[in-house]
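Notes follow once the structure below has been shown.
The values are calculated or read from the model by the stated rules, or taken from the named source; none is laboratory data. Everything numeric here is computed off the predicted structure, so don't read it as measured data. Quick reminder, even Gly has a Cβ in these numbers, built from the backbone with ideal geometry, and neighbours come from all protein chains shown.
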Amino acid sequence: MKIELVLSPGGRLRLETTVEPEFDCWDAPDAIVQKLTDGFARGNADGLLALVNEDISASAPLACRYFRQFTREIITALCRVQCGNASELPRALAELSPEQSALDAEIMAAPPMRGAEYINADWLQSLHGELITWVTDQYKPRFGPFAEWVRKLNPAWKSVGKVSFHLAENKQDTSGAYPFAFLATFIHRLSENDVPRHLPLGTAIKTYVNDRNALLALLKPVQDAAARSKLIAGLLEKREIFRPQAWTARQAFDFLSDLPAIEESGVIVRIPNIWKNNAPPKVKVSVAVDLRKNQQLGVNALLDFSVQAVLDGQELSREELAALLNSNDGLVRIKGNWVAADSDKIRELLQQWDQAARSNQQGMSFIDGLRLLAGAQLPGSPNRPADEANVCEVHATGQLQQLLAELASPSAIPLPPMPAPLQSRLRPYQLDGVRWLWRMSELGLGCCLADDMGLGKTLQVLCLLTLLQARGDTRQSPALLVVPASLLQNWCKESAQFTPHLRFGILHPMAMSDDDTRACNDNAAQYVQRFDAVLTTYGMLSRINTLQTITWAAVIADEAQAIKNPASKQSKAVRGLQSPRRLALTGTPVENRLSDLWSIFDFISPGLLGSPSSFKTFVKNLNDAGGNANFGPLRRLTRPYILRRLKTDKRIIADLPDKTEMKVFCQLTKPQAVFYQQAVTAMTRELQESDGIQRRGLIFKYLMIFKQICNHPSQFTGDGDYDAASGGKFLRLAEIAEEIRSRQEKVLVFTQFAEMTEPLHEHLTRCFGRSGLILHGGTAIKQRQVLVEDFQRDAGPPFFVLSVKAAGTGLNLTAANHVVHFDRWWNPAVENQATDRAYRIGQHRNVLAHKFICKGTVEEKIDALIDEKKDLADSLLSQGAEKLLTDMNNDELLKFVELDLKSMM
């Protein structure tokens, strides 16, 4: 497409296509033509700036190149504007108004073009003003210094009007006394191809002879650099900075040492032909840590380390090391490169590491080796030289390096055979989790599986238990799982579904017969041998003292935040258990609170983080390191022991469904169980005296009573005392809320009872430490949108309690990625509509729907019935769950609603 630039009689530049051009034209790429056409359509300034920003070839029309250069001159001038604040900008810009002589020269230089006759001084002056106005209209004081902001409009302008210091090798030096050359330049303008045009700084006075302010602005960064660097101050004082210099290696080293301060002053530093990143390479002391010969890899293995001086990973020869240590010039040539020679520090480190090696002849413990690699100097650790990252590097090698690589990326870890149906249920990231758990358990290394809620921690642990069972590790003594009471049923359900071959036992009075209790009390070690895995609660652990005397195949602490208080009774009880395999499960970030971290690690890897007092000292030292807190050593030390995958990780989320539904089985408390049993007894009596419509009403009444009791005893009694400890669902909701809060996520909590919204709100306010929102049928229509907008804010409330009937449709609440169905509607379509308040267009995260079910109650049985008849569920339940119960005879009905104590526990 051939184009030409045209000036209209009204002074408007435009781009036109032409078939038979009379004047200069350009066969330009379509993309460039479109950008330029759009730009000039908006105005002269937009078009000219588009012209400057495009890569214009030498074949472009003379008119394009003429106006491009005209615009570049103005931009160059703007890049030199110096003003202290926005109020000074108009005066500074007024000084840029072109002289008449300059305008006359521009008129004379104008090329032949359509409309060239309209180019005059007034029009050029107007065009100059348009460009400056366009740029300054875009500028806001908050953007920072004006000239710096202008430079950012186009990467090619960033260096215009700046001074550059150049350091290069002095090829003309034959004596070796002055191996470097220095030159100061400034960038006066850009070439036609956007290449900076450097001029020696000594010519600046001539260049700006008529513009003293521009000269002062140009030299100001040099003066600032002189205030920060003795070397530059000396050059400026003697005016040597205005001419080329031959430098010694020491001068070059001093210049490099001051380089950050020089660059912070606004001077550009160019070292194009010597080093990458404007810095010479450094010789470092390299410490390699590996397994000692004839040792088995594991927590009890001994480690060795070796020390050498290296440059870019290559060991220095004796001659090269001697040259380095004897150098006093700051720079020394080694392996054909100029190298920063910190000879005193290298000599000191080599001597210290040599002494450390002599004192370590018996070998280093595995824990001390990991501390060494992490740079974590805890009190009580073997003395080691100060670790300065820019001089000394410590790394694993050999088998130890391979192990740490496997733990960081476990997909290559081999696994023993696992039942095919079980393995087929695992998602790829879950299989990696099983590999990691297996490797850690085989090495005797405690570990913490800290996957996000909903990623399947329970399933991964069940797979590990399957592997231990298959190898016979659980034959003498089972694995012990310590869990909150609210999760006992979840573990049993998950095991029954995925690993029915595992023999699961529960050590809890409500789940044990009198004979089992006596057998356990008489000989706990013998009693538990009948199981592959034993479940108990944190509360029971401190009551059954004999559990501390058994060496378990594995000890697994679920919801390990329960032991985050190291002084608590249950935390001490868990840490006192004996096992070669210790595993903590948690969905909360363990690294975010240091006290939690120490307590969990004192369970999974006793001694790694030292005693509480030594850990406190260690953390204080990290916090005070050089005035800048640096917790890198602590994170590096604990990283191999923690596997944490987030739902936001692209590698994980690609493997997840957009919506995950989780059944949350809750335990009835004693008051709930008593009220429930009383309700069943009353229902039995009343059924005998009712029939027809009366019977239907009776069933509906008791169905509501059972729901209320399962929610909380106070909803049934109406006493208003919603103590969390009295309701199993309240207890489980608190545990889920803790994980959600720790992830800074949000949750919707649905209930079908408007009277439950306030108690749930009060309970969640305590859990989150912040108030949330409530919406039910009594909420005014106008207020609903206000609540939605408040919740959708990033910093808005963390939870929203809603009644299903009032909020099950229509609302967009994508700020939440958790949905809790506190009580079930028992109609999948209705529940899905409620879940879809979060799972809808605009939701970019995996949504977890938590469906609460009280174990052993009518809630569990109706849920099971829905699962049996999924295809018919919608039609079956369209009239409500009471329709299902109405169709049963009395015996069937009572059996259906009775409290299943065996299932409960």
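Numbers for the structure displayed
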| read-out | value |
| --- | --- |
| Residue list for the range 791-822, filter: charged (D, E, K, R) and either assigned to a strand (DSSP E or B) or over 23 Å from residue 738 (Cβ atoms) (or both) | 805 |
| Flag for residue 778 being assigned by TED's automatic domain parsing to the domain that holds residue 897, of a type in the set (Gly, Ala, Ser), farther than 14 Å from residue 852 by Cβ and not in a loop (DSSP other than H, G, I, E, B) | no |
| Number of the condition not met by residue 481 [criteria: (1) in a helix (DSSP H, G or I); (2) within 30 Å of residue 851 (Cα to Cα); (3) not charged (D, E, K, R)] | (1) |
| Filter pass, residue 815 being modelled with pLDDT under 80 and out of contact with any His (no Cβ under 8 Å at 6 or more places or on another chain) | no |
| Close pairs from the range 457-471: first closer than 18 Å to residue 429 by Cβ, partner part of a helix (DSSP H, G or I) and hydroxyl-bearing (Ser, Thr, Tyr), Cβ under 8 Å, at least 6 apart | 462/495; 464/441 |
| Residue 726 free of Cβ contacts under 8 Å to residues at least 40 places away in the same chain, hydroxyl-bearing (Ser, Thr, Tyr) and assigned by TED's automatic domain parsing to the domain that holds residue 812 | no |
| Residue, modelled with the lowest pLDDT, within the range 86-123, restricted to residues that are surrounded by 11 or more Cβ atoms within 10 Å (Cβ to Cβ), more than 21 Å from residue 67 (Cα to Cα) and of a type in the set (Gly, Ala, Ser) | 86 |
| Residue match in the range 835-847 (condition: of a type in the set (Ser, Thr, Tyr) and more than 19 Å from residue 647 (Cα to Cα)) | no |
| Those residues of the range 49-71 which are under 43 Å from the mean Cα position of the chain (by Cα) and either closer than 25 Å to residue 98 by Cβ or not assigned by TED's automatic domain parsing to the domain that holds residue 110 (or both), in sequence order | 49, 50, 51, 52, 53, 54, 56 |
| Close pairs (7 angstrom Cβ cut-off, 6 or more residues apart or separate chains): over 18 Å from residue 754 (Cβ atoms) in the range 778-791, among the aromatic types (Phe, Trp, Tyr) anywhere | 791/800 |
| Only listed residue being outside any strand (DSSP E or B), loosely packed, with under 15 Cβ neighbours inside 10 Å and polar (S, T, N, Q), chosen from 833, 783 | 783 |
| Pick from the range 313-361, criterion at pLDDT 80 or above and part of a loop (DSSP other than H, G, I, E, B), ranking: surrounded by the most Cβ atoms within 10 Å (Cβ to Cβ) | 316 |
| Residue count for the range 454-492, restricted to those that are in contact with a Phe, Trp or Tyr (Cβ under 6 Å, 6 or more places away or on another chain), of a type outside the set (A, V, I, L, M, F, W, C) and closer than 29 Å to residue 661 by Cα | 2 |
| Criterion violated by residue 655 - all others in (1) out of contact with any Pro (no Cβ under 9 Å at 6 or more places or on another chain); (2) modelled with pLDDT under 85; (3) not assigned by TED's automatic domain parsing to the domain that holds residue 484 satisfied | (1) |
| Residue 451 vs. criteria surrounded by fewer than 21 Cβ atoms within 10 Å (Cβ to Cβ), part of a loop (DSSP other than H, G, I, E, B) and assigned by TED's automatic domain parsing to the domain that holds residue 558 | no |
| All positions within the range 798-829 that are buried (at least 20 other Cβ atoms within 10 Å of the Cβ) and either touching an Asp or Glu at 6+ places or on another chain (Cβ under 7 Å) or outside the structural domain of residue 743 (by TED's automatic domain parsing) (or both) | 817, 818, 821, 824, 825 |
| Residues satisfying the stated conditions in the range 664-687, i.e. without any contact (Cβ under 8 Å) to a residue 24 or more places away in the chain and either over 17 Å from residue 715 (Cα atoms) or part of a strand (DSSP E or B) (or both) | 681, 682, 685, 686 |
| Any hit, the range 471-479, residues being under 37 Å from the mean Cα position of the chain (by Cα), of a type in the set (Gly, Ala, Ser) and under 19 Å from residue 604 (Cα atoms) | yes |
| Filter result for the condition that a residue is modelled with pLDDT of 85 or more, surrounded by 19 or more Cβ atoms within 10 Å (Cβ to Cβ) and touching a Gly at 6+ places or on another chain (Cβ under 6 Å), over 303, 235 | 303 |
| Residue in the range 506-514 that is in contact (Cβ under 8 Å) with a residue 24 or more places away in the chain, assigned by TED's automatic domain parsing to the domain that holds residue 546 and crowded, with 20+ Cβ neighbours inside 10 Å present | yes |
| Residue in the range 506-520 that is among the small types (Gly, Ala, Ser) and assigned to a loop (DSSP other than H, G, I, E, B) present | yes |
| Where residue 284 falls short, out of the listed (1) within 27 Å of residue 401 (Cβ to Cβ); (2) at pLDDT below 85; (3) surrounded by fewer than 19 Cβ atoms within 10 Å (Cβ to Cβ) | (3) |
| Conditions (1) more than 30 Å from residue 452 (Cβ to Cβ); (2) part of a loop (DSSP other than H, G, I, E, B); number of the one not met by residue 693 | (2) |
| Condition broken by residue 292, with the remaining ones in (1) surrounded by fewer than 18 Cβ atoms within 10 Å (Cβ to Cβ); (2) within 26 Å of residue 396 (Cβ to Cβ); (3) in contact with a His (Cβ under 8 Å, 6 or more places away or on another chain) satisfied | (3) |
| Counted residues, the range 173-204 - those being at pLDDT 85 or above and either assigned to a helix (DSSP H, G or I) or closer than 20 Å to residue 49 by Cβ (or both) | 1 |
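To keep it simple, each residue is scored yes or no on (1) exposed (fewer than 15 other Cβ atoms within 10 Å of the Cβ); (2) touching a residue at least 24 places away in the same chain (Cβ under 8 Å); (3) not aliphatic (A, V, I, L, M).
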residue	(1), (2), (3)
519	no, no, no
534	no, yes, no
548	yes, yes, yes
559	no, yes, yes
565	yes, yes, yes
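Matching residues to (1) under 18 Å from residue 533 (Cα atoms); (2) buried (at least 21 other Cβ atoms within 10 Å of the Cβ):
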{"residue": "393", "(1), (2)": "no, no"}
{"residue": "401", "(1), (2)": "no, no"}
{"residue": "414", "(1), (2)": "no, no"}
{"residue": "427", "(1), (2)": "no, no"}
{"residue": "434", "(1), (2)": "yes, yes"}
{"residue": "439", "(1), (2)": "no, no"}
{"residue": "447", "(1), (2)": "no, yes"}
{"residue": "464", "(1), (2)": "yes, yes"}
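A quick yes/no check of all residues on (1) farther than 19 Å from residue 731 by Cβ; (2) at pLDDT below 95; (3) of a type in the set (Lys, Arg):
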{"position": "447", "(1), (2), (3)": "yes, yes, no"}
{"position": "481", "(1), (2), (3)": "no, no, no"}
{"position": "484", "(1), (2), (3)": "no, yes, no"}
{"position": "499", "(1), (2), (3)": "yes, yes, no"}
